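Working notes, structure below.
The values are calculated or read from the model by the stated rules, or taken from the named source; none is laboratory data. A quick note: this is a predicted structure, and the numbers were derived from the prediction, not measured. Heads up, the Cβs are rebuilt from the backbone with ideal geometry, glycines too, and the neighbour counts pull from every protein chain shown. Accessible surface is based on the protein model in full, side chains and every heavy atom, while ligands, DNA and RNA are left aside. Shrake-Rupley method; radii C 1.70, N 1.55, O 1.52, S 1.80 Å.
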Amino acid sequence: MTLAPILAAVALAIAPQEAVVSHQASGTFNVSITPVTPAEGAATDLPGRMILAKTFHGGLTGTGEGEMLGAMGPSQSGAYVAMERVRGSLDGREGTFLLVHRGLMDRGAQDLSITVVPGSGTGALEGLTGVFHLTIADGEHRYVLDYILPTD
């Protein structure tokens, strides 16, 4: 009996796993939200559709483009969902990635989740995962992106 297959299996089992490094990027962004005119004959109670255009500054520099569907009721309750493609540089690494948005408002109380779509990173952002935190204060949009990228 040869030991080669056993030694190969042991070597694979103890080989170091690909390392990941946790990062945080923060900054501001400008956003333009443009309503899309509903199709002729569309029901009036359908969610509204909007086009998003963003410019990011800070640890993330670049642009975001996406579409949003949203609805708001009379009691300050509603929801929105959006998909957005970000193109630019994240702490000096160039590429693109997708963000998925889910926002709920229940009588004014907000619950917002914006997450990097797994597997969507390209270029130097391949393998990117993370969570995008958004705050708006005094009319300024701020973000903190907690993210992980495989190491080189």
Find the residue count for segment 135-152, including only residues that are open to solvent by less than 60 Å² (accessible area, probe 1.4 Å) and modelled with pLDDT of 95 or more.
6
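What's the total number of residues in segment 50-60 that are surrounded by 16 or more Cβ atoms within 10 Å (Cβ to Cβ) and either assigned to a strand (DSSP E or B) or modelled with pLDDT under 95 (or both)? Step through it out loud before you land on a result.
Taking segment 50-60 first, the residues surrounded by 16 or more Cβ atoms within 10 Å (Cβ to Cβ) are 50, 52, 54, 56, 59-60.
Checking the rest, the ones that are also either assigned to a strand (DSSP E or B) or modelled with pLDDT under 95 (or both) come to 50, 52, 54, 56, 60.
Selection size over segment 50-60: 5.
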Return yes when Gly62 is within 19 Å of Thr96 (Cβ to Cβ), touching a Phe, Trp or Tyr at 6+ places or on another chain (Cβ under 6 Å) and touching a residue at least 12 places away in the same chain (Cβ under 8 Å) and no when it is not.
yes
Long-range neighbours under 6 Å by Cβ, at least six apart or interchain, first residue farther than 18 Å from Gly58 by Cα and touching a residue at least 24 places away in the same chain (Cβ under 8 Å) within segment 89-117, second open to solvent by 50 Å² or more (accessible area, probe 1.4 Å) and among the charged types (D, E, K, R)
Leu104/Asp111
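Looking at the structure I just gave you, is Glu84 part of a strand (DSSP E or B) and open to solvent by less than 20 Å² (accessible area, probe 1.4 Å)? Reasoning before the result, please.
Values: part of a strand (DSSP E or B): yes; open to solvent by less than 20 Å² (accessible area, probe 1.4 Å): yes.
For Glu84, the condition - part of a strand (DSSP E or B) and open to solvent by less than 20 Å² (accessible area, probe 1.4 Å) - is met.
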Go through (1) without any contact (Cβ under 8 Å) to a residue 40 or more places away in the chain; (2) within 18 Å of Ile136 (Cα to Cα); (3) not in a loop (DSSP other than H, G, I, E, B) for Gly27 and report which single condition fails.
(1)
